[in-house]
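The values are calculated or read from the model by the stated rules, or taken from the named source; none is laboratory data. Every value quoted in this text rests on a predicted model; they were computed, and no experiment measured them. With ideal geometry, Cβ positions are generated from the backbone for all residues, glycine too; neighbour counts draw on all protein chains shown. Each accessible area value is taken on the protein alone, full model and side chains, heavy atoms only, with ligands, DNA and RNA left out. Shrake-Rupley method; radii C 1.70, N 1.55, O 1.52, S 1.80 Å.
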Amino acid sequence: MNWNPAKKAQMLLLEPNVECYEQKALGTGIIPIAGSARAGKSTLMLALVEWAVKHTQRSFYFVGVPDAYIEALPDHIRSKSSNPTMNELTTLRDGIVILDDTAVSMSSRDSATTQSRMINRIAGVVSHLGLTLILTTQSMAGIDLSLLRYTEMAPLVKRVDKMALRVERSEWTEEIKDAQDELHRFNYDRSLYWSVADEQLCKHPFSEWMASDVLSRPFRYLSQSELDSQLFGENKTKQARKKVSSGE
């Protein structure tokens with residue numbers, strides 16, 4: 001299928017200074033994809049990645065996912081992709097960083113964790129590192145605002161549950177509601193999303209390889225120790241193991 005992402009998303013996905021709608025692409029910034037569970041966030045994220053693979057020479061960093069995730073990607077994407085750990089995030093340069101389900105690694109309600117602090121601090125220097133971040137989240141309330149204050153953004157919205165809207169971050173409530181009104185007109189078709197920056201309803205493709213369970217639920221395939229470390233932080237995980245081993 002011949003398609004293009006929303007205009008603002010293209011501006012961030014393309015390499016810097018590439019011609020894009022008679023402008024120069026920025027090649028850096030953050031693309032948050034918001035939507036409830038099973039709304040198609042990961043499918044949209046993978047569609048953006050596949051488009052960028054075809055239109056750029058950038059590398060792709062799927063942070064914190066298991067090796068099985070990289071192995072499930074088609075050859076043309078896998079050859080340009082890797083799965084660095086969260087601690088390696090600051091070493092990455094000139095590529096596209098993918099953080100799937102950011103509630104695991106960067107909840108605004110867990111600002112004391114090392115991972116959250118690291119991501120919050122890197123927000124101000126993504127342009128210096130030449131990085132574009134694609135983040136999927138079930139709520140904009142789960143993302144620390146420091147990520148969104150210091151860089152270009154192209155927020156994309158899928159279906160959001162009505163109950164989730166009640167606790168959405170106030171700064172985003174109107175945009176999320178507007179997106180739901182537009183998506184509701186088409187019965188929340190999973191191939192549609194709303195681009196906040198462009199104020200436009202857009203469509204993205206679905207390829208059969210995207211249906212892989214490991215790609216839609218990557219944390220299910222992490223080892224228990226890796227999952228605990230990402231959820232609770234390495235220090236807390238070590239402390240819990242010590243208590244178990246000592247019989248406390």
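Can you name the residue in the range 29-61 that is basic (K, R) and under 19 Å from Y188 (Cα atoms) and is also modelled with the lowest pLDDT among such residues? It comes out as R38. Among the residues of the range 33-56, those that are farther than 23 Å from I70 by Cβ and in contact with a helix residue (DSSP H, G or I) (Cβ under 8 Å, 6 or more places away or on another chain) comprise A34, G35, S36.
When the criteria are applied in full, V126 meets the requirement of being within 14 Å of I31 (Cα to Cα), touching a Leu at 6+ places or on another chain (Cβ under 7 Å) and crowded, with 16+ Cβ neighbours inside 10 Å.
Scanning the range 30-48 for residues that are surrounded by fewer than 22 Cβ atoms within 10 Å (Cβ to Cβ) and not hydroxyl-bearing (S, T, Y) returns A37, R38. Taking the criterion of being part of a helix (DSSP H, G or I) and either under 30 Å from R166 (Cβ atoms) or within 14 Å of the chain's Cα centre (by Cα) (or both), the residues of the range 3-24 that qualify are K8, A9, L12, L13.
For first residues located in the range 12-33 and at positive phi, partners that are part of a strand (DSSP E or B) and lie 6+ apart or on another chain with Cβ distances below 8 Å form the pairs N17/K24; G27/T132; G29/T132; G29/L133; G29/M153.
Evaluating H204 against the criteria (1) open to solvent by 50 Å² or more (accessible area, probe 1.4 Å); (2) within 30 Å of A68 (Cβ to Cβ); (3) modelled with pLDDT of 95 or more leaves one unmet condition, (1). Checking each residue in the range 4-19 for being buried (at least 18 other Cβ atoms within 10 Å of the Cβ) and hydrophobic (A, V, I, L, M, F, W, C) picks out A6, A9, M11, L12, L13, L14.
The condition (being without any contact (Cβ under 8 Å) to a residue 40 or more places away in the chain and among the polar types (S, T, N, Q)) is satisfied by just one residue among T85, T56, T43: T85. Out of G64, G27, one residue alone is under 20 Å from L222 (Cα atoms) and either in a loop (DSSP other than H, G, I, E, B) or open to solvent by less than 20 Å² (accessible area, probe 1.4 Å) (or both). It is G64.
What do you reckon, is D100 modelled with pLDDT under 90 and within 25 Å of L14 (Cβ to Cβ)? Walk me through how you get there before you give the answer.
Working: modelled with pLDDT under 90: yes; within 25 Å of L14 (Cβ to Cβ): yes.
For D100, the condition - modelled with pLDDT under 90 and within 25 Å of L14 (Cβ to Cβ) - is met.
Can you tell me how many residues in the range 160-201 are in a loop (DSSP other than H, G, I, E, B), open to solvent by less than 30 Å² (accessible area, probe 1.4 Å) and farther than 11 Å from G35 by Cβ?
Our first condition is that a residue be in a loop (DSSP other than H, G, I, E, B); within the range 160-201, this holds for 160-161, 166-169, 185-191, 196-199.
Still in the list and also open to solvent by less than 30 Å² (accessible area, probe 1.4 Å): 160, 168, 191, 196.
The next check asks that each one be farther than 11 Å from G35 by Cβ; those that pass are 168, 191, 196.
Count: 3.
Scan the range 130-159 for residues that are at pLDDT below 90, part of a loop (DSSP other than H, G, I, E, B), within 12 Å of the chain's Cα centre (by Cα) and of a type outside the set (S, T, N, Q) and the total you get is 1.
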